[in-house]
1. Give me the compactness ratio for segment 2-147, meaning the Cα radius of gyration over 2.2 N^0.38 Å.
2. Using the Cβ atoms and a cut-off under 13 Å, what net charge is assigned to the surroundings of Leu54, where Lys and Arg are +1 and Asp and Glu are -1?
3. Taking 0.36 nm per residue of sequence separation and subtracting the Cα-Cα distance, how much length would be gained by fully extending the chain between Asp134 and Leu40, in nm to one decimal?
4. Determine the alpha carbon to alpha carbon distance for each of Lys93/Lys130; Lys25/Lys138; Lys25/Lys47; Lys48/Lys93 and list only those over 24 Å.
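Laboratory data are not the source of any read-out in this text; all were calculated from the coordinates shown. In this text the structure is predicted, and so the values were computed from the model without any measurement. Here the Cβ positions follow ideal geometry from the backbone for every residue, glycine too, while neighbour counts run over all protein chains shown.
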Amino acid sequence: MIFTSNLPSDRDRNSELLLIAVERKKIGDLCACILDGRLLFQLQSSKKAGADVLCLIVEGEIRFSPEDGLLEIPVWGINPRTMRRAQHWEPIKPTMTYSRFDQFLTEMDYLVGVIVKRTTDVWETASVIKALWDNFQKPPDEHQSLKQMFKPPDTYCVADKAVPCASCSRRVAFCGLGTEQNSR
């Protein structure tokens, strides 16, 4: 899926729209793509077609198998103990270690610059796509989330010295640096 941004500068006749390419992969398909290189080809094709931002949505539940380290997914079947339909975990086919799967997603994000999102089902995937679309509808400097995440620590004045607040002093002391205020 490819969508465009709707920024005021994008509607200017002299600028082009920002193209965002979103690829949704279920766990089994993604494992096959990792092994045969198909996903990388698809991402390269999106870039050649003019996509400015690439996003991969990985859909489905997974877990690390404690016995052999393989990537497992939940499947429904008959529980041999109870003879009732129940969910149990099986290795994904084609088989792949959890470590290799996670490493691939990290490399996509870190080395290739692809935004990687994880979802559990199609409804959450739809919500993520809507959130991505909403995100690209305003310029980066109008986004407020990151501006509110960091605030410098409060300080107060003691004998003409700026001293961090008590909670900051305790945090510094835990790092082995200690403070006069904390040693009392």
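1. Numbers: Rg = 18.7 Å, N = 146, 2.2 N^0.38 = 14.6 Å.
Normalised Rg, Cα atoms only: 1.28.
2. Details: positive: Arg24, Lys25, Lys47, Lys48, Lys117; negative: Glu23, Asp52, Asp109.
For residues surrounding Leu54, the net value is +2.
3. On the way: separation 94, 0.36 × 94 = 33.84 nm, distance 2.62 nm.
Difference between extended and current length: 31.2 nm.
4. Details: Lys93/Lys130 30 Å; Lys25/Lys138 27 Å; Lys25/Lys47 18 Å; Lys48/Lys93 31 Å.
Violating the 24 Å limit, Cα to Cα: Lys93/Lys130; Lys25/Lys138; Lys48/Lys93.
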